[in-house]
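Bear in mind these aren't lab numbers, they're just calculated from the coordinates by the rules spelled out. This one's a predicted model, so the numbers in the text were calculated from it and none came from an experiment. Neighbour counts run over all protein chains shown; Cβ positions are idealised from the backbone, glycine included.
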Amino acid sequence: MRIVEIREQTLPISSSIRNAYIDFSKMTLSLVAVITDVIRDGKPVVGYGFNSNGRYGQGTLMRERFIPRVLEADPGSLVDDSGSNLDPHKIWAAMMTNEKPGGHGERSVAVGTIDMAVWDAVAKIAGLPLFQLLADRYGNGRPERKVFVYAAGGYYYPGQDYTKLKDEMRSYIDRGYTVVKKKIGGASLDEDLRRIDAILSVLGDGQKLAVDANGRFDLDTAIRYAKALSQYDLFWYEEAGDPLDFELQALLRNYYDKPMATGENLFSMQDARNLIRYGGMRPDRDWLQFDCALSYGLVEYLRTLDMLHQHGWSRTRCIPHGGHQMSLNIAAGLGLGGNESYPDLFQPFGGFPDGVKVENGFVTMPDLPGIGFEGKSDLYREMQKLSA
Ligand SMILES: O=C([O-])CC(=O)C(=O)O
Ligand SMILES: [Mg+2]
């Protein structure tokens with residue numbers, strides 16, 4: 001058995017939205033197909049992957065380094081000991097041949113995207129949903145089919161007013177979400193507080209708002225926001241300062257004793273470990289948002305979960321960034337605290353298989369082979385174009 005080809009296509013996911021740091025007018029992502037010579041139902045098994053929003057497509061890095069390393073490796077060196085499936089760990093090691101540690105740049109996105117497609121193929125070859133395969137291999141064998149999801153939105157965009165913001169949030173609540181997220185730091189503190197008040201006016205009992213500064217604030221600004229946000233009962237205060245400024249994060253807890261979240265821009269186990277070692281994050285209330293699709297994939301994320309365990313953190317404190325079905329499977333298979341979701345953004349890549357509804361803040365994983373992309377018709381159409 002072997003991988004016969006890996007294809008990449010860079011696709012636009014552009015829109016007029018902006019957060020406190022970037023606009024998405026030129027945002028792209030890489031869609032990847034890993035084509036194998038394994039036949040199921042009369043057709044070759046193809047695994048698919050794509051990177052999360054927020055980092056651009058990585059086709060150049062893939063074509064120059066990571067795809068050739070996989071295709072040039074002895075196929076026998078990429079299969080598991082039973083010989084009946086590909087081994088994602090061995091494929092990962094092949095991709096990372098002759099790559100020095102540290103300075104992860106965006107190669108972690110390139111590797112993470114291919115890794116997603118490899119896991120999709122591996123679960124399809126095994127004839128299992130990925131969440132079941134993960135629970136069998138790395139968990140207790142019993143996936144948690146119900147996964148908490150929250151609705152990320154509340155971006156700044158031209159022509160937005162309080163009515164539109166409230167309508168947006170109400171539409172998430174109407175679709176079954178109990179937690180919604182908005183951006184902060186793209187307007188003045190006063191303006192952001194007025195926007196928060198507007199959203200809170202449409203939330204009911206048991207419904208909460210999270211806010212996300214996208215790493216925009218220096219320490220003084222982060223503290224000013226912390227003090228002002230303390231008047232609310234927010235789900236979390238996310239990525240206040242630069243993702244690598246662990247001291248800022250650690251100091252902030254002196255000014256904000258409610259939940260904080262960060263980690264979506266930490267792209268390796270080692271960076272995640274530095275956050276845990278030096279960032280002052282509190283295992284009893286804070287949230288970790290490492291996103292495997294941006295950070296060397298699930299092979300690396302398994303290392304991150306081990307690291308968290310060694311540091312006394314429960315994996316239920318992880319709610320990954322990105323809103324993709326890969327992290328949804330990891331959440332269900334390995335017992336994370338939930339997953340992000342973008343109900344209206346970054347389509348057709350985000351979201352759930354057709355027919356999956358959010359109920360009281362949770363989705364229930366359907367029985368689909370692999371990651372489950374085949375169950376989302378608009379997404380699968382794009383994928384089939386790539387592998388045709
Ligand atoms: O706006 C973005 O780049 C996405 C983001 O931070 C999030 O989903 O938390
Ligand atoms: Mg964020």
Can you work out ³J(HN,Hα) from phi for every residue in the range 288-297, in order, using Karplus 6.51 cos²θ - 1.76 cosθ + 1.60 and θ = phi - 60°, giving whole Hz and x for Gly and Pro?
10, 10, 3, 10, 4, 5, 9, 10, 6, x
GNM on the chain, C-alpha springs below 10 Å: top fluctuator among 50, 217, 148?
217
Can you return the lysines within cross-link range of residue 357? Criterion is Cα-Cα under 23 Å, with same-chain partners fewer than 8 residues away left out.
146, 166, 181, 182, 208, 376
Alpha carbon convex hull of the range 281-388, projected area averaged over orientations, nm²
7.7
What does the charge add up to near residue 98, with Lys and Arg as +1, Asp and Glu as -1, over the other residues with Cβ less than 10 Å from its Cβ?
+2
At 222 nm, what helix-only mean residue ellipticity would the chain give, in deg cm²/dmol to the nearest 500, using -39500 (n - 2.57) for each DSSP H run of four or more?
-10000 deg cm²/dmol
From the mean inverse distance of alpha carbon pairs (Kirkwood) and the Cα radius of gyration, derive Rg over Rh for the range 1-70.
1.12
How far, in degrees from 0 to 90, does helix 107-126 lean away from the longest principal axis of the Cα atoms of the chain, to the nearest 10?
60
How large is Rg over Rh for the chain, taking Rg from the Cα atoms and Rh as the Kirkwood inverse mean of 1/r across Cα pairs?
0.96
Identify which of 378, 87, 161 has the largest mean-square fluctuation in a Gaussian network model of the chain, with springs joining Cα atoms closer than 10 Å.
161
Once the other residues with Cβ under 13 Å from the Cβ of residue 19 are scored (Lys, Arg +1; Asp, Glu -1), what is the net sum?
-1
Testing the spin-label approximation: label points 7 Å from Cα along Cα→Cβ at residue 163 and residue 80. State their distance in nm.
5.7
Name the residues whose placed amide hydrogens come within less than 5 Å of the amide hydrogen of residue 236, ignoring near sequence neighbours (fewer than 5 apart) on the same chain.
210, 211
Over what distance in Å are the Cα centres of the range 123-157 and the range 206-229 separated?
29
Between the range 64-95 and the range 23-47, how far is it from one alpha carbon centroid to the other, in angstrom?
17
Just from the alpha-carbon atoms, what are the Rg and Dmax of the range 213-278 in angstroms?
11.4, 35
So the compactness index of the range 137-245, its C-alpha Rg divided by 2.2 N^0.38 Å, takes the value 1.20
The chain: most fluctuating residue of 47, 372, 312 per GNM, C-alpha cutoff 10 Å
312
Please express the shape of the range 132-195 as an equivalent ellipsoid: the semi-axes are the square roots of 5 times the eigenvalues of the C-alpha gyration tensor, given largest first in whole angstrom.
36, 14, 9
Distant-in-sequence amide H partners of residue 79 (H built 1.01 Å from N, under 5 Å):
87
Considering every Cα-Cα pair within the range 61-183, what fraction, in whole percent, is farther apart than 19 Å?
65
Between residue 58 and residues 5 or more places away or on another chain, which pairs have amide H atoms under 5 Å apart, with H built 1.01 Å from N, and which residues are they?
30
Spatial extent of the range 240-338: Rg and Dmax, with the Cα atoms as the point set, Å
12.5, 36
With x for Gly and Pro, the residue-by-residue ³J(HN,Hα) of the range 251-260, computed from phi through the Karplus equation 6.51 cos²θ - 1.76 cosθ + 1.60 at θ = phi - 60° and given in whole Hz, is 5, 4, 5, 6, 10, 8, 9, 8, x, 10
GluC sites (Glu not before Pro) in the range 218-286 lying in a DSSP loop, each with at most 16 other Cβ atoms within 10 Å of its Cβ, come to none
HN-Hα couplings for the range 368-379 via Karplus (6.51, -1.76, 1.60; θ = phi - 60°), in whole Hz with x for Gly/Pro, come out as 10, x, x, 6, x, 4, 4, x, 10, 5, 5, 5
